[in-house]
Amino acid sequence: MNILSLFDGMSCGQLALKRLNISYDNYYASEIDKPAIKITQKNFPSTIQLGDIKKLSSADLKSLPKINLIMGGSPCQGFSFGGKGLNFDDPRSKLFFEFARVLKEINPKYFLLENVRMNIKSQDIISNMLEVEPIKINSSLVSAQNRVRLYWTNIPVDKILEDKCMILEDILEKDVDLKYLAGEKLQREYKGGNQLNPKFKSQCNTIYNRDGKFGTLCAGTHGYSFGYVSDGALINKSTTKNGKAYALTCSYSGAVAWNSIERQQRTMIPVCKSNNKDNPNVIDGYYYRKLTPIECERLQTVPDNYTEGVSNTQRYKMLGNGWTIDIISHILQGILMTENKTIKLESFGEILEFADSLGWIDTYGDATKGNWNPTEADACEDSALDFIESKGYTINLEN
Ligand SMILES: C[S@@+](CC[C@H](N)C(=O)[O-])C[C@H]1O[C@@H](n2cnc3c(N)ncnc32)[C@H](O)[C@@H]1O
């Protein structure tokens, strides 16, 4: 199997394939952002980088082996319309048409296009060209982030995606470096409410509850622009939507309109700290901090430290640009359903780990928390195996 990933970023597509244990012969990536390419090559050294999509000629595409899957998330919010018609040359429209051009020339068995919500006119143009309607999914089902995205695909997607009921508290790091604290002046002047600076209502100024969800991560060019969280205590004021954080979004080139919902949804979280040197247990104020890159990775269900190796600014940007891996793997799972893949599992631990990676919810207890009942081991294994099979795998149990 050969894969072509357009606008590959930090190769979230490849992470999703790995999560599903889908092996492939070659993974071709079209990407122009150097830090993103660096992270892809660090994690997946055999990725074949093809560069700028606009420079991929027909001859270049013909020289590739048979491609089975094309996927990508083109950096566009919608199309630009000049007069009554579509402005094909406008950069806001152009990159989607590059995706469509490559898709048409290669004509793979499967494709997947991800994008933000957009006006219905733009959405219909994409749907007409790709001949499928998009599926709308909120990443909040699998993570502590609210991130609604549209997915156009011809892969048969399982409509059922169980809510993992994750909240911010589940993904926060302990003992976070003080460098992540919001500016002292900003905190001193804070008057309550869900905006740290009441004069500037936006997601990057929003305080998020630890018992809720975070906002949409976005790819701000100036680094961190998501919002704050408290360090230590629950804050009662609810600043989140249905307990979820808003999605990480991308703000470069004004991609997120200043007064848009996406922009307002950028977030921060509260930090509780003591100023009492004699008794640090006395909490005398709430302090707010930004999310760390690892926490942003967790919001995107990306493994910890995957993006390590570039500046924090670049890490935040590529995570805001990136995909929620568990959503992409849920979609790509449909390929397994069609192709009926065999998975070799050698131990009880491996079975549980693989079922878990596919979204299985273990209700049988946890040995590390002291509530594991060994007499239920068989039932637990059966449940995990059934779940794996329900996702289209044939299981080969090796002892
Ligand atoms: C929305 S992000 C997609 C991120 C990706 N899905 C991931 O897994 O990280 C869009 C990406 O398109 C890239 N891009 C922009 N113009 C491009 C071009 N002409 N050719 C290839 N990639 C481009 C950007 O650098 C950015 O990483």
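The values are calculated or read from the model by the stated rules, or taken from the named source; none is laboratory data. What you are looking at is a predicted structure, and each value in this text was computed from that prediction instead of being measured. No Cβ is skipped: glycine too gets one built from the backbone with ideal geometry, and neighbour counts run over all protein chains shown.
Annotation note: of N312, N305, the sole residue that is surrounded by fewer than 21 Cβ atoms within 10 Å (Cβ to Cβ) and touching a Gly at 6+ places or on another chain (Cβ under 7 Å) is N312.
For the range 1-36, filtered to residues that are near the ligand (Cβ under 9 Å from one of its atoms) and acidic (D, E), the residue that is surrounded by the fewest Cβ atoms within 10 Å (Cβ to Cβ) is D33. For the range 120-210, please list each of the helices (runs of 4 or more DSSP H) lying entirely inside it that holds at least 1 residues being farther than 19 Å from R298 by Cβ. Output list reads 120-130, 184-188. The set of residues in the range 329-365 being under 26 Å from the mean Cα position of the chain (by Cα) and basic (K, R) consists of K341 alone.
Looking only at the range 100-127, which residues are polar (S, T, N, Q) and surrounded by fewer than 21 Cβ atoms within 10 Å (Cβ to Cβ)? N107, N119, Q123, S127 - these are the residues of the range 100-127 that are polar (S, T, N, Q) and surrounded by fewer than 21 Cβ atoms within 10 Å (Cβ to Cβ).
Restricting the first member to the range 368-382 and to residues that are closer than 17 Å to I351 by Cβ, and the second to residues that are loosely packed, with under 12 Cβ neighbours inside 10 Å, the beta-carbon pairs closer than 7 Å and six or more apart or on different chains are W372/D366. Evaluating T368 against the criteria (1) within 19 Å of the chain's Cα centre (by Cα); (2) of a type in the set (S, T, N, Q); (3) surrounded by fewer than 13 Cβ atoms within 10 Å (Cβ to Cβ); (4) at pLDDT below 90 leaves one unmet condition, (1).
Please identify the pairs in which a residue from the range 41-58 that is touching a residue at least 40 places away in the same chain (Cβ under 8 Å) has its Cβ atom under 6 Å from the Cβ atom of a residue that is charged (D, E, K, R) and assigned to a strand (DSSP E or B), counting only partners at least 6 apart or on another chain. Listed pairs, sorted by first residue: none to list. Restrict the check to the range 120-139 and report whether at least one residue is among the basic types (K, R) and either touching a strand residue (DSSP E or B) at 6+ places or on another chain (Cβ under 6 Å) or touching a residue at least 60 places away in the same chain (Cβ under 8 Å) (or both). Yes - at least one qualifying residue is present in the range 120-139. Run down G78, G83 and say which single residue is more than 27 Å from T216 (Cβ to Cβ) and at pLDDT below 90. Answer to the selection: G83.
Here's the yes/no breakdown for (1) charged (D, E, K, R); (2) more than 17 Å from the chain's Cα centre (by Cα):
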site	(1), (2)
S5	no, no
M10	no, no
L20	no, no
D25	yes, yes
S57	no, yes
M71	no, no
F79	no, yes
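Evaluate the range 46-58: report whether one residue or more is more than 9 Å from the ligand (Cβ to nearest atom), part of a loop (DSSP other than H, G, I, E, B) and farther than 30 Å from L336 by Cβ. Yes: one or more hits.
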